Each structure stands twice: as structure tokens, then as C-alpha cells.
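What follows is one structure encoded as C-alpha cells, with my remarks underneath.
The values are calculated or read from the model by the stated rules, or taken from the named source; none is laboratory data. Because the structure is a prediction, the values reported are computed rather than measured. Using ideal geometry, Cβ is built from the backbone for each residue, glycine included, and neighbour counts are taken over all protein chains shown. Remember, those area values only see protein heavy atoms, side chains included, never the ligands or the DNA or RNA. Shrake-Rupley method; radii C 1.70, N 1.55, O 1.52, S 1.80 Å.
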Amino acid sequence: EFTMLELYQAYASYVEVMDLTEAMIRDVAQNVLGRTALTWDGQDIDVGPAFRRWRMEDAVLEMNPEIRREELRDREAMAAHAKRLHVQVKPTYGWGKLLLEIFEKTVEATLIQPTFITDHPMEVSPLARESDTDKGMTDRFELFVCGKELANGFSELNDPEDQAARFRAQVDAKDAGDDEAMHFDADYIRALETGLPPTGGLG
């Protein structure tokens with residue numbers, strides 16, 4: 001039998017997983033190479049300083065000054081920006097998917113030094129917990145170095161009804177032609193319903 005405090009402590013939030021990921025990379029570099037500065041793909045990288053933590057929306061705004069903050073969650077405005085940037089727009093894409101597509105087109109390759117991109121749209125994060133303070137966004141990060149994604153982590157969603165609805169939305173997206181959408185995982189929903197322990201994801 002666990003107290004509420006013990007159950008809370010068993011849950012790894014995405015911030016804790018980010019901290020763990022950063023510390024692990026720094027420690028491995030120091031223990032294997034004896035230093036934190038290294039060269040990768042012709043780029044000078046230093047994993048010693050604190051990794052940048054940058055919200056996806058803020059990154060897109062900084063790299064795309066023609067996009068206004070109030071347009072970020074406006075599907076039609078984002079579709080227009082995506083088309084201008086020669087980003088594919090499918091009828092099933094909501095503002096969240098369009099934000100991700102614009103991020104991948106205009107920001108991702110610029111992330112040379114270690115950078116955590118946080119606060120991903122719920123539409124493209126079917127396993128991540130929705131933010132308590134920013135509806136439509138999730139407690140999720142991806143780590144980029146040299147323009148490449150190295151890690152993906154999040155505060156895991158552990159509400160079976162919410163997760164089932166997210167899976168159904170993914171199935172609809174897959175049926176509409178989204179190759180990256182997930183299938184409905186009935187076994188996972190059953191595990192959540194019967195008490196899957198809280199977890200933190202990192203892949």
C-alpha cells in the first residue's frame with residue numbers, strides 16, 4: 001500500500017526525465033572522452049553547459065518572424081504559412097500538426113548545440129500528458145544536437161479514457177493518410193484501466 005506522496009514520487013515528470021537525460025549525456029562524455037567538448041558531423045559541440053530548453057512555439061516564432069503569436073493555434077493561418085513555406089498541408093492536419101511541420105522545416109536543422117524542444121502539441125503527442133497550464137500542449141520534450149533528434153521524452157498519460165480517445169483520433173488520422181499516426185492499442189488501455197504504474201517515457 002502506497003501513500004499519495006509515494007505514488008507522486010514514483011511518477012517521473014518530463015522535467016525530471018529531461019534532467020536525467022542531460023546529466024547522463026554529460027557524464028558519459030566526461031567518463032568516456034575525459035571532456036565535454038567534442039566534434040560531431042564537423043560541428044563543435046559542448047555538452048558541458050546547461051542544455052537550452054525552448055518551447056516549440058517560441059522556436060517557430062523566432063525562426064519565422066512573419067508568423068504572429070496569435071496565429072499559432074489558428075488552423076487556417078498556420079495552413080497558409082505552411083503553404084508559403086512549401087510544407088505539405090493535408091485536410092486532416094490541425095494547427096498542432098502544422099506547427100510541428102513548420103518547426104521541422106524551419107527550425108530543426110538549426111539546432112546545433114544541445115537543445116530540448118518542449119511543449120509539443122497534443123495532436124502529435126498521443127502518449128504524452130496534457131499540460132495543466134497550457135491546454136492543447138503536452139509535457140513533452142525532444143532533444144536535438146547537430147539538427148538531429150536524439151531523445152524523445154514526456155510525462156506519460158495515465159488516464160485510460162483520455163488515452164483511448166487519443167488512440168481513436170490517431171486511427172482516424174491514419175485512415176485519412178497520416179503514415180506516422182498510431183494504431184489503437186487495446187492491451188495498453190487495458191493495462192491503464194487495471195493499474196499500470198505511473199511511468200516516464202524516454203526513447
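Assorted remarks:
- Residues of region 64-86 that are in a loop (DSSP other than H, G, I, E, B) and open to solvent by less than 60 Å² (accessible area, probe 1.4 Å): 64, 67, 72, 85.
- When residue 106 is tested against (1) at pLDDT below 95; (2) within 21 Å of the chain's Cα centre (by Cα), just one condition goes unmet, and that condition is (1).
- Test: residue in region 72-85 that is among the aliphatic types (A, V, I, L, M) and closer than 30 Å to residue 41 by Cβ: yes
- Filter result for residue 153 (at pLDDT 85 or above and under 30 Å from residue 52 (Cα atoms)): yes
- Region 146-160, residues that are over 29 Å from residue 195 (Cβ atoms) and either under 15 Å from the mean Cα position of the chain (by Cα) or not hydrophobic (A, V, I, L, M, F, W, C) (or both): 147, 148, 149, 150
- Screening 38, 33, 61 for residues that are more than 19 Å from the chain's Cα centre (by Cα) and open to solvent by less than 60 Å² (accessible area, probe 1.4 Å) leaves exactly one candidate, 38.
- Count - residues of region 124-144 that are open to solvent by 10 Å² or more (accessible area, probe 1.4 Å) and in contact with a Ser or Thr (Cβ under 6 Å, 6 or more places away or on another chain): 4
- Region 41-58, residues that are open to solvent by less than 50 Å² (accessible area, probe 1.4 Å) and outside any helix (DSSP H, G or I): 45, 47, 48, 51, 54
- Restricting region 101-123 to residues that are open to solvent by 10 Å² or more (accessible area, probe 1.4 Å) and touching a Ser or Thr at 6+ places or on another chain (Cβ under 9 Å) leaves a set whose member that is farthest from residue 166 (Cα to Cα) is 119.
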